[in-house]
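What follows is a short report on a single structure.
The values are calculated or read from the model by the stated rules, or taken from the named source; none is laboratory data. Not measured: the values here are computed from a predicted model. Every residue, glycine as well, gets a Cβ built from its backbone with ideal geometry; the counts of neighbours run over all protein chains shown. Areas reflect the complete protein model, heavy atoms only, side chains present, ligands, DNA and RNA absent. Shrake-Rupley method; radii C 1.70, N 1.55, O 1.52, S 1.80 Å.
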Amino acid sequence: MGVVHDVWLVTKQLLEATALPWPAEEREARLVQVDELLRRREEWLRELRPPYSEEEQRLGCEIVAWNQEIEARLRQVRDEIRGDLRMAGAKRQANARYVHPYEQPLSFDGMFYDKRR
């Protein structure tokens, strides 16, 4: 049961490492940890060879269920990071407009233009 059990252990560690919430201060360290666990699990997955015993099949089903939960958590973290990047870009643009107000073309919203005259 060696390889399947090792994959199960690494997947369990990965599930614990992806536990939510992820504060912004810890995000970088946790991403490094998750990346390392994913690499270790990938190495173990390459060594999997059938046939599997009943216990190994049970562990495999548990791994698949955990993997879906891990993917959902990582998608949520990805969305949080995208939102933070979007907010940082918006803040940068607002700051640039504040510092250099006349570099941007003026907007003509609300201005009436009479084309007859």
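The residues in region 1-31 that are open to solvent by 70 Å² or more (accessible area, probe 1.4 Å) and of a type outside the set (A, V, I, L, M) can be counted, and the count is 7. When R49 is tested against (1) within 23 Å of G2 (Cα to Cα); (2) at pLDDT 95 or above; (3) of a type in the set (D, E, K, R), just one condition goes unmet, and that condition is (2).
Before we move on, is A72 part of a helix (DSSP H, G or I) and modelled with pLDDT of 90 or more? In short, yes.
Here region 9-31 is the region considered, the condition is being of a type in the set (G, A, S) and without any contact (Cβ under 8 Å) to a residue 40 or more places away in the chain, and the residue that is farthest from L85 (Cα to Cα) is A17.
Pick from region 32-61 the residues that are open to solvent by less than 70 Å² (accessible area, probe 1.4 Å) and in contact with a helix residue (DSSP H, G or I) (Cβ under 8 Å, 6 or more places away or on another chain): which of them is farthest from L85 (Cα to Cα)?
Per the criteria, the residue is E56.
For region 75-87, filtering for residues that are out of contact with any Phe, Trp or Tyr (no Cβ under 6 Å at 6 or more places or on another chain) and open to solvent by less than 50 Å² (accessible area, probe 1.4 Å) leaves 2.
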